[in-house]
Amino acid sequence: MRRFLLLAAVTSLCTAASAQAPAQFPDKPIRFILGFAAGGPTGSQRAGTGRRGGKAGLGENAMLHACTLGRKIGLVTIHPIHIPYHEDQVLRYGLQQRVVAVAAVESAANDYVLAFGDPKVAKAIAAKYTKEIKALVARGVEVVIPAGGLPSLLFGAALKVSTAPAVVLDSVALATKSAELAVDLKRFNGTAPSRASTFALPWPAALEALGMGTPASKRKPK
């Protein structure tokens, strides 16, 4: 039920922004919500150059918000193969002094899909995370991020209680609320991504080549 409510929230957010924003803001405040993999530093930067006002990345939002909740942060990813990727992600966001550990459980994406319909599978996965999170807490980690949308959707209050006093973040909820905040701020006072360099808009000719822009013959002269 929880995953469907979050999906509905994201859908309604994007629908509302699409319906109301165009007349008010040429640079529309619609946000893309990207997963940990797609929303990594490279994907996040590319999405930030979008014409519709930016993006909200699960990993980026979770790590930055975690900095407001505790000094030492740890990630737990779904498989050891992803550890180097997340370590690079931390470096690219400049958070290497805050994200002090990246751990992993042995699992696959399909395990989480099965877990939503099978309590036994969910319990087995949760036990793996509890073990890794407790090990991080023993090392002084204060905020733990399950790296990925699937574990964030799967784990509820039981896991968070079992790993206290550490905080276990729900990156999906954070990304959803971040997107809502971005839209609200855009409407309230015009806050939007900087177009100076990193998130500069694409050249019109590049958009036209991809079939996404206005042909030169139809552009209004400046």
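All of the numbers you see were taken from the coordinates with simple rules; none came from a lab. Values in this document were obtained by computation on a predicted structure and should not be read as measured data. Virtual Cβ from ideal backbone geometry, glycine too; neighbours counted across all protein chains shown.
Given their separation in residues at 0.36 nm each and the Cα-Cα distance between them, V113 and Q96 gain 3.0 nm when the chain is fully extended.
Mind ordering 189-197, 98-106, 141-149, 112-120 by average Cβ neighbours within 10 Å, highest first? The partial results should precede the final answer.
Numbers: 189-197: 11.3, 98-106: 18.6, 141-149: 25.2, 112-120: 13.3.
Ranked by mean Cβ neighbours within 10 Å, highest first: 141-149, 98-106, 112-120, 189-197.
Taking only the C-alpha atoms of segment 82-222, Rg followed by Dmax gives 21.0, 64 Å. The length gained on full extension between A205 and T191, counted as 0.36 nm times the residue separation minus their Cα-Cα distance, comes to 2.4 nm.
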